[in-house]
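The values are calculated or read from the model by the stated rules, or taken from the named source; none is laboratory data. All of these numbers come straight from a predicted model, not from anything done at the bench. Glycine gets a Cβ as well: all are built from the backbone with ideal geometry, and neighbour counts include every protein chain shown.
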Amino acid sequence: MRDEVERLITAWKRERPDLDLTPLAVLSRISRISRQLDLVRKDAFAELETWGFDVLAALRRAGDPYQLSPSQLMQETMVTSGTITNRLDRLEELELITRQQDPSDGRGSLVKLTRTGMRAVDTALEELLTHEREILNGLSREEKTHLAQLLSLLAADLDEGKNN
């Protein structure tokens, strides 16, 4: 047996040969990989936690001057207004971000990545990529590219279904 899912599939085939187990074979593996990635991310983001990394990464990806409005951060991190406010409060306490009034909107604010925040998110990303490269070591470059393309198709279909 190549992996734990293969053992499960073999047992199900014996017990229920009438069923097409293809979805189980694919999605159970994705689920198990996801759990492993959660552990790797927890380790890589130890200082930040995953939610903190998500916010800082959104600001970092925004490019210079590394700032976004809270509503843009809500969209980027897919959380509610109350959740983003709580997260911003915590990140500001850690001096990883600052908040200032938006000069183009007197009622709005802008969240900006600090130098400390920039270092934290860059370090966490580098750590994450090191761990993720190790996870993918058993695949060739072509296999990684092909897998990424297939997962992209699946993700796009899921995203499209969510919007309908």
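Sort out which residues of region 14-28 are among the polar types (S, T, N, Q) and over 23 Å from the mean Cα position of the chain (by Cα), and write them in order of number.
Thr22
So, in region 47-70, how many residues would count as being of a type outside the set (A, V, I, L, M), in contact (Cβ under 8 Å) with a residue 12 or more places away in the chain and over 25 Å from Leu37 (Cα atoms)?
5
Could you list, in sequence order, the residues of region 79-95 that are over 19 Å from Thr123 (Cβ atoms), of a type outside the set (Asp, Glu) and out of contact with any Asp or Glu (no Cβ under 9 Å at 6 or more places or on another chain)?
Those that are over 19 Å from Thr123 (Cβ atoms), of a type outside the set (Asp, Glu) and out of contact with any Asp or Glu (no Cβ under 9 Å at 6 or more places or on another chain): Thr80, Ser81, Gly82, Thr83, Ile84, Thr85, Asn86, Leu88.
Starting from residues that are among the β-branched types (Val, Ile, Thr), assigned to a helix (DSSP H, G or I) and in contact with a Leu (Cβ under 9 Å, 6 or more places away or on another chain), keep the ones in region 27-79 and report whichever is surrounded by the fewest Cβ atoms within 10 Å (Cβ to Cβ).
Among residues in region 27-79 that are among the β-branched types (Val, Ile, Thr), assigned to a helix (DSSP H, G or I) and in contact with a Leu (Cβ under 9 Å, 6 or more places away or on another chain), the one surrounded by the fewest Cβ atoms within 10 Å (Cβ to Cβ) is Ile30.
Consider region 5-18. How many of its residues are in contact with a helix residue (DSSP H, G or I) (Cβ under 7 Å, 6 or more places away or on another chain) and either among the acidic types (Asp, Glu) or part of a loop (DSSP other than H, G, I, E, B) (or both)?
Going through region 5-18 one residue at a time, the tally reaches 0.
With respect to Arg87, is the statement that it is modelled with pLDDT of 95 or more, under 26 Å from Gln36 (Cα atoms) and basic (Lys, Arg) true?
The answer is yes for Arg87.
For Gly106, all conditions in the list (1) surrounded by fewer than 17 Cβ atoms within 10 Å (Cβ to Cβ); (2) of a type in the set (Gly, Ala, Ser); (3) under 21 Å from Asp38 (Cα atoms) hold save one; what is the number of the exception?
Evaluating Gly106 over (1) surrounded by fewer than 17 Cβ atoms within 10 Å (Cβ to Cβ); (2) of a type in the set (Gly, Ala, Ser); (3) under 21 Å from Asp38 (Cα atoms) leaves (3) as the failure.
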